[in-house]
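Report on one structure; see the data block that follows.
The values are calculated or read from the model by the stated rules, or taken from the named source; none is laboratory data. A quick note: this is a predicted structure, and the numbers were derived from the prediction, not measured. Positions of Cβ are backbone-derived with ideal geometry, glycine not excepted, and every protein chain shown enters the neighbour counts. Just the protein is used for accessible areas: all its heavy atoms, side chains included, with ligands, DNA and RNA removed. Shrake-Rupley method; radii C 1.70, N 1.55, O 1.52, S 1.80 Å.
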Amino acid sequence: MKATYLEPAVGQYLLAHTARPDELLDALALETRELMGERANMQIAPDQGRFLTMIAQISAARNAVEVGTFTGYSSVCLARGLAPGGRLTCFDASEEWTAVARRYWEKAGVADRVELRLGPAEVRLRELTGGPPVDLAFIDADKPGYPAYYGILMSVLAPGGVILVDNTLWDGRVAHPKERDETTQVMREFNDMVMADPRTTSIMLPMADGLTMIRKH
């Protein structure tokens with residue numbers, strides 16, 4: 001349970017009343033833990049995966065973007081929810097980690113609708129300029145890069161489009177003024193920036209490590 005700021009019994013109750021992931025996602029989560037050790041915590045939680053699929057379905061997204069793919073859990077969930085003919089473009093810097101993702105895209109039957117672009121996300125995201133508007137985006141990468149990724153995605157996001165941002169509660173540290181480490185400060189500043197953006201309406205959800213949903217007017 002990633003939501004460590006919740007009472008454990010409440011967290012377990014939430015999980016018990018959320019649809020379980022299927023065998024493929026369970027296998028991917030297990031392989032990630034075996035390969036990555038503590039770094040496996042970078043993978044989204046199962047309830048987030050279900051949420052990503054549902055948001056993609058509800059929004060009827062046809063052009064989606066993911067920043068930070070890791071071993072592929074979130075990208076499988078997003079790709080499964082796309083509208084017919086939809087495409088997901090994934091941005092990541094690690095060929096090693098995304099090699100796992102590629103295998104699971106094939107196993108999930110979504111490889112034909114996913115494109116991976118390796119390299120610095122702030123550079124490669126600019127390739128979206130001039131292309132079709134983005135309907136749905138998910139940011140879950142290096143925290144100092146969040147403001148830049150958000151700015152680029154907002155410039156290509158369709159009116160009514162949605163950006164989802166992970167880790168915005170940062171283990172609850174953002175709510176405690178005495179927490180002054182660099183990443184906590186970065187996340188506070190990012191959250192304040194989003195709230196002050198007149199182009200959007202946003203809501204921060206107490207899901208996993210905090211998930212913010214941002215809709216462009």
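Values as computed for the structure displayed
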read-out	value
Residue match in region 162-169 (condition: within 20 Å of residue 51 (Cα to Cα), open to solvent by less than 10 Å² (accessible area, probe 1.4 Å) and not aliphatic (A, V, I, L, M))	yes
Filter pass, residue 113 being open to solvent by 60 Å² or more (accessible area, probe 1.4 Å), under 15 Å from the mean Cα position of the chain (by Cα), over 15 Å from residue 137 (Cβ atoms) and not hydrophobic (A, V, I, L, M, F, W, C)	no
Complete set of residues in region 74-91 that are surrounded by fewer than 24 Cβ atoms within 10 Å (Cβ to Cβ) and either in a loop (DSSP other than H, G, I, E, B) or touching a residue at least 40 places away in the same chain (Cβ under 8 Å) (or both)	83, 84, 85, 86
Residue match in region 38-46 (condition: over 21 Å from residue 213 (Cβ atoms), in a helix (DSSP H, G or I) and touching a helix residue (DSSP H, G or I) at 6+ places or on another chain (Cβ under 9 Å))	yes
Options 209, 192, 135: the member that is among the charged types (D, E, K, R), in contact with an Asp or Glu (Cβ under 7 Å, 6 or more places away or on another chain) and either open to solvent by 40 Å² or more (accessible area, probe 1.4 Å) or under 19 Å from residue 77 (Cβ atoms) (or both)	209
Selected residue (criterion: farthest from the chain's Cα centre (by Cα)) from residues of region 1-60 that are farther than 19 Å from residue 104 by Cβ and among the polar types (S, T, N, Q)	12
Some residue of region 93-113 being modelled with pLDDT of 95 or more and part of a strand (DSSP E or B)	no
Residue satisfying all of: in region 47-73; touching a residue at least 40 places away in the same chain (Cβ under 8 Å) and part of a helix (DSSP H, G or I); surrounded by the most Cβ atoms within 10 Å (Cβ to Cβ) among these	52
Failed condition for residue 145, given (1) surrounded by fewer than 20 Cβ atoms within 10 Å (Cβ to Cβ); (2) assigned to a strand (DSSP E or B); (3) at negative phi	(2)
